[in-house]
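Enquirer: One structure follows; several queries about it will come next.
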Amino acid sequence: MSQSLTSKLLSWFTALLAALLAGVGLIFLILAVQRGMLPYNSEGNYFDGVVNYHEHSVVVYGFMASASFLAALTLFGIRWLVQRTRQGVRDDHPAFNLNSK
């Protein structure tokens, strides 16, 4: 496999993983908001007839959403910095351009 194909695959894999993490973070955020609006009793429980929800789970869902969004943002940032650095090297130093024709 050539260097450029490997770097392109890694770039796409990083973007896909970041998008997946952002989607997971969105799911956790929706769960946190929905569970936060339930009418909990004085003990911090909500029973809907089948499942008993605890009020403190909202905080855990919020932390998991934050961690997922932070990981996704970090991966997107790393991908962007690597692409920008490689583009800068290609433009600034044409003698070191590996993709010249």
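Taken together, the values in this text are just the output of simple stated rules run on the coordinates, not laboratory data. What you see is a predicted model, and the numbers here were worked out from it, not measured in a lab.
Enquirer: Each residue of the stretch 14-21 in turn: what ³J(HN,Hα) in whole Hz from Karplus with 6.51, -1.76, 1.60 and θ = phi - 60°, glycine and Pro shown as x?
Expert: 5, 5, 5, 5, 5, 5, 5, 5
Enquirer: Could I ask something else about it? With θ taken as phi - 60° and the coefficients 6.51, -1.76 and 1.60, list the Karplus ³J(HN,Hα) couplings across the stretch 34-42 in order, rounded to whole Hz; mark glycine and proline as x.
Expert: 5, 6, x, 8, 6, x, 7, 7, 5
Enquirer: Oh, and also: Given the alpha-carbon gyration tensor of the stretch 6-91, what are the semi-axes of its equivalent ellipsoid in whole angstrom, ordered largest first, with each equal to the square root of 5 times an eigenvalue? Let's see the in-between values first.
Expert: Numbers: eigenvalues 333, 23, 9 Å².
After diagonalising the Cα gyration tensor, the semi-axes are 41, 11, 7 Å.
Enquirer: Further question on the same structure: From the phi angles alone, apply the Karplus equation (6.51, -1.76, 1.60; θ = phi - 60°) to the stretch 22-29 and give each ³J(HN,Hα) in whole Hz, x where the residue is Gly or Pro.
Expert: Those phi angles translate into 5, x, 5, x, 5, 4, 5, 5 Hz.
Enquirer: Would you mind checking which residues have amide H under 5 Å from Tyr53's amide H? H placed 1.01 Å from N; only 5 or more apart, or other chain.
Expert: Tyr46, Phe47, Asp48
Enquirer: A further question on this structure: Starting from the amide H of Tyr40, placed 1.01 Å from N in the peptide plane, find each other amide H under 5 Å away whose residue is 5 or more places distant or on another chain.
Expert: HN-HN under 5 Å from Tyr40: empty list.
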